[in-house]
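Worksheet for the structure shown next.
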Amino acid sequence: MSTPGQEMGTISADASQPVDASRQTPQPPLDIQEEINALQLDSSEDNNVMANEEDWNPEEVEKSNKIVEESKDEVHANYQRGHIEPTSAPEVKEKETAASKDTAEEPVNKKRHLNVVFIGHVDAGKSTTGGQILFLSGQVDDRTIQKYEKEAKDKSRESWYMAYIMDTNEEERVKGKTVEVGRAHFETETSRFTILDAPGHKSYVPNMISGASQADIGVLVISARKGEFETGYEKGGQTREHVQLAKTLGVSKLLVVVNKMDDHTVGWSKERYDEIESKMTPFLKSSGYNVKKDVLFLPISGLMGANMKTRIDKSVCPWWSGPCLFEALDAVELPPRDPNGPFRMPIIDKFKDMGTTVMGKVESGSLREGDGLVIMPNKVMLSGSLPLPLSLYKYIYPPHTIYIFWFL
C-alpha cells in the first residue's frame, strides 16, 4: 500500500502486518547506494531521458496538460449527449450506397441478349459445336476438358468429349444422344447468347419444339461427312422437319453450318460444300425463308473449333473468305422489340409444385417482380414472382426466357 507522502510507482508493505526479519532484503551500504544513484543519473542524461533543467518550463507543461484534459472532457460530454458529428467517410459511403440503389434498377449487362437454338439431324454435331463454343468463349476450363476426354476415352468414344459439356445427363453420355434441351450462356464483345441444344432424334421432337419456341436465331447443323448429310436430308430425316418446325415457331434467322469439314471423307472440299448448299437452298425457300436476307451458309469443324471464334486459315481452306461463326452470330439483325410496350409472353410450358409455374419468352414489354399479370384468354388475374437469378435484374425485358411462379 502507498501513503500520501510516498511517490507513485513505489511499493511498500502494510504497516499492520508483522515483518519477518529473515525475509527482508539486506540493504547495501550507504556509500554503495550513492554510487548506484550517481550511475543511474549519468546514464539517463546520456540517453536524453531526463529533460534539460534550463529548457524545462513548469508553466508550459501545466498549460498543455490542462488543454489535453479539457479536450478529453469535451469529447466525453459530446459522446454522452450523442453529438458526435459524422466524418466525411460515412458521407461518401452514403453517396455510394445511393448510387448503387439507382444502378440496381438497371440490367446488370446492357449487351443485347439472343437465344440461339442448335437444330439438325441426330449425330450432326450439335452438342459438340455448342460445347466448343463454350470452350472457346472461356466458359469451360482446360481441366474440365481433360476430365471429359478421359471419361470419353474410357467409354471408347474419344470424339464425344466436347458434347459432354452440353450433355450432362449420364443417359445422354452413354447413348450419345441429346434427350433434354441443354442450356448454356456465352458472350461476345457485343452480345450475350443463350445456347439451346435441341435433341436431333425423332423420338424427342417435342423437346426440340420446346427449345425452338424460345429461340431468336436458329443454327442448323449439317454433317458434311459422306452419307450423313443424305441420311438427314432424305425423307424421314430430321434436317427437313427441324427447318419446318423452326420456321413455324418463329425462328426468322437461320445459320446453316456445314460441320465435320475436317473429316477424311471431306477434307475441306469446296465441291462437297457447294453440293450441300445447292440442295438446301431450294428447300429453305420452300419452307418460307428468304435465303438472301435470312440465311447464311458457312463451313466449320465443331470438334476442332475451326472457323468458329476466328476465321479459318487460308492454308487449310483457301476458298472460304466469309465470316466465322462468332462473327455471323454478332452480325444477325433482328426486328426490335419494344421494352416499353404492353407485356406479352406466350406460355411455353407449365408445372405445379406448391403452386403453379409457367415458362415463356418475353416478346414485348417489361416485367418487374410483383407486377400484376393477366392470363389470356381466360383473364385470370395473378401477381407474378420471378425466381432467381432473373430477379437480380430487377426487371425483365425482351427476349428473356423466364419462369413465373404464383400460389393458387
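The values are calculated or read from the model by the stated rules, or taken from the named source; none is laboratory data. It should be emphasised that the depicted structure is a prediction, and the values quoted were computed from it without experimental measurement. Positions of Cβ are generated from backbone atoms using ideal geometry, with glycine treated the same way; all protein chains shown enter the neighbour counts. These area figures cover heavy atoms from the full protein model, side chains too; ligands, DNA and RNA do not enter into them. Shrake-Rupley method; radii C 1.70, N 1.55, O 1.52, S 1.80 Å.
Sort out which residues of region 223-245 are among the aliphatic types (A, V, I, L, M) and open to solvent by 10 Å² or more (accessible area, probe 1.4 Å), and write them in order of number. Lay out the reasoning, then the answer.
Here is the first cut: in region 223-245, the ones among the aliphatic types (A, V, I, L, M) are 224, 243, 245.
Listed by number, the list holds a single entry, Leu245.
Please specify each residue of region 190-210 satisfying the condition of being closer than 18 Å to Val332 by Cβ, out of contact with any Phe, Trp or Tyr (no Cβ under 8 Å at 6 or more places or on another chain) and either modelled with pLDDT of 90 or more or in a loop (DSSP other than H, G, I, E, B) (or both).
Passing the criteria: only Thr190.
Only one of these is modelled with pLDDT of 75 or more and within 21 Å of Ile209 (Cβ to Cβ): Lys350, Lys379. Name it.
Every option except Lys350 fails the conditions.
Can you go through Gly218, Gly176, Gly211 and tell me which one is within 29 Å of the chain's Cα centre (by Cα) and at positive phi?
Values: Gly218 fails: at positive phi; Gly211 fails: at positive phi.
The match here is Gly176.
Taking the condition of being over 15 Å from Ala124 (Cα atoms), out of contact with any Pro (no Cβ under 6 Å at 6 or more places or on another chain) and not aromatic (Phe, Trp, Tyr), how many residues in region 192-218 meet it?
Of the residues in region 192-218, 15 are over 15 Å from Ala124 (Cα atoms), out of contact with any Pro (no Cβ under 6 Å at 6 or more places or on another chain) and not aromatic (Phe, Trp, Tyr).
Select from region 190-208 the residues that are open to solvent by 10 Å² or more (accessible area, probe 1.4 Å) and either within 24 Å of Val291 (Cβ to Cβ) or under 21 Å from the mean Cα position of the chain (by Cα) (or both) and list them in ascending order.
Within region 190-208, Thr190, Arg192 qualify.
Can you tell me which residue in region 148-189 is most open to solvent (accessible area, probe 1.4 Å), limited to those that are in contact with a strand residue (DSSP E or B) (Cβ under 7 Å, 6 or more places away or on another chain) and part of a loop (DSSP other than H, G, I, E, B)?
Step by step, filter region 148-189, then rank; the result is Val181.
Output the number of the condition that Gln214 fails; it satisfies all remaining conditions of (1) modelled with pLDDT under 85; (2) over 21 Å from Leu254 (Cα atoms).
(2)
Could you identify the single residue in Pro387, Pro398 that is in a loop (DSSP other than H, G, I, E, B), modelled with pLDDT of 60 or more and within 20 Å of the chain's Cα centre (by Cα)?
Details: Pro387 fails: modelled with pLDDT of 60 or more.
None of the others qualify; the one that does is Pro398.
Do any helices (runs of 4 or more DSSP H) lying entirely in region 254-351 carry at least 3 residues that are touching a residue at least 40 places away in the same chain (Cβ under 8 Å) and open to solvent by less than 60 Å² (accessible area, probe 1.4 Å), and which ones are they?
270-286, 325-331
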